[in-house]
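Written out below as structure tokens is the structure these notes cover.
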Amino acid sequence: MATRLARFESGLSELRYFPTAKHVRAVIGGTTVVDSRRAVLLWEPQRVVPQYAVPITDVAAELVPGRPGDGDTHGGPVRMGAAATEVLTPEAGFGHHTAQGDVLTLRTAHQERVGAAFRLADPDLADHVVLDWDAFDAWFEEAQRVIGHPHDPLARIDVLRSDRHVRVERDGTVLAESSRPSLLFETGLPVRFYLPPEDVRFDLLRPSGTRTTCAYKGVASYWATADADGTPTDVAWTYPDPWPDAVPVTDMVCFFDERVDIVVDGERGDRPLTPWS
């Protein structure tokens, strides 16, 4: 019997790692605290994006024993995909550890980042510490700054121009309609339909203060529409200054399939189950 691949579910219950040849650095207060050419990409069980783990000797800071629960524990598991699998997305704080190990506080000469490191008990990685991305001011792969989280070598985005007819509705009101979308395919996520701004009803939308960061696409700005009670809900986003892989969707508008109805070539799609549902 054939096996249907599901990228984000593959090996999800296991501790996974993948060596990288990249020179990885992280900075706090203008000082390089992590400098490693021996880093590994690491996924604790349930994590869908990688974190960096580096040999302890590549950390120029004191690592002080902490307590379980130290560090960033905001967010938590969310359900994703047809099987409603529980996963930890980048929005879940670093303090949600699902592997065996010891919580550590990272202490420099001038600053302390509580719970920002995690020493793994796994014998293959016992000399490594996993590091909280958000506990550092900046990360670099080689000489290029990286945002959001480490780049996953098994993930990619692919943007293709299309002639599909796309109509976006919310509660029966058409918010956008286009026959010249660009389709963005991203590993493990639903296909996203990016529409030219000329084909969007901005008179029905209002700018939102929400900003999010994607490691592959850059920083997104959002648009909202009002619910029946007047409460604004983010329904769309745009990348005004995207990273190189997403340049083809610059200033184009994409709507949440999870929050609106997308009709493609006359066929109304189901609303997917993702962290944004």
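Remarks
- Relative contact order [Cα under 8 Å, 6+ residues apart], the chain, whole percent: 14
- Least to most buried among Ser36, Ser13 (fewest other Cβ within 10 Å first): Ser13, Ser36
- About its Cα centre, the dipole of segment 78-148 is roughly 180 debye, where the only charges are +1 on Lys and Arg Cβ and -1 on Asp and Glu Cβ.
- Working from Cα pairs under 8 Å separated by at least six residues, relative contact order for segment 7-146 is 25 percent.
- Given charges at Cβ of Lys, Arg, Asp, Glu: segment 157-268 dipole, positive-most of Val260, Leu183, Ala246: Ala246
- Dipole magnitude of the chain about its Cα centre (Cβ charges: Lys, Arg +1; Asp, Glu -1), debye to nearest 20: 320
- Across all directions, the average flat footprint of the convex hull enclosing the Cα atoms of segment 7-146 is 8.2 nm².
- Charge dipole (debye, nearest 20) of segment 147-277; +1 at Cβ of Lys and Arg, -1 at Cβ of Asp and Glu: 200
- Each listed q (0.16, 0.20 Å⁻¹) maps to a log10 I(q)/I(0) for segment 157-268 from the Debye sum over equal C-alpha point scatterers, namely -0.69, -1.09.
- Normalised by the number of residues in segment 99-215, the mean separation of alpha-carbon contacts (under 8 Å, six or more apart) gives a relative contact order of 16 percent.
- Among 226-236, 121-131, 174-184, the peptide with the highest mean count of other Cβ atoms within 10 Å heads the list, and the full ranking is 174-184, 121-131, 226-236.
- Cα convex hull of the chain, projected area averaged across orientations, nm²: 17.0
- As a rough footprinting exposure proxy, the listed residues Met252, Met1 were ranked by other beta carbons within 10 Å of their own, and the order from fewest upward is Met1, Met252.
- Cβ-defined net charge surrounding Asp265, 12 Å radius [Lys, Arg +1; Asp, Glu -1]: +1
- Distance between segment 174-190 and segment 22-92 - C-alpha centres, whole angstrom: 31
Taken together, the values in this text are just the output of simple stated rules run on the coordinates, not laboratory data. Being a predicted model, the structure only gives us computed values, none of them experimental. A quick note on method: Cβ atoms are made from the backbone with ideal geometry, for glycine too, and the neighbour counts reach across all protein chains shown.
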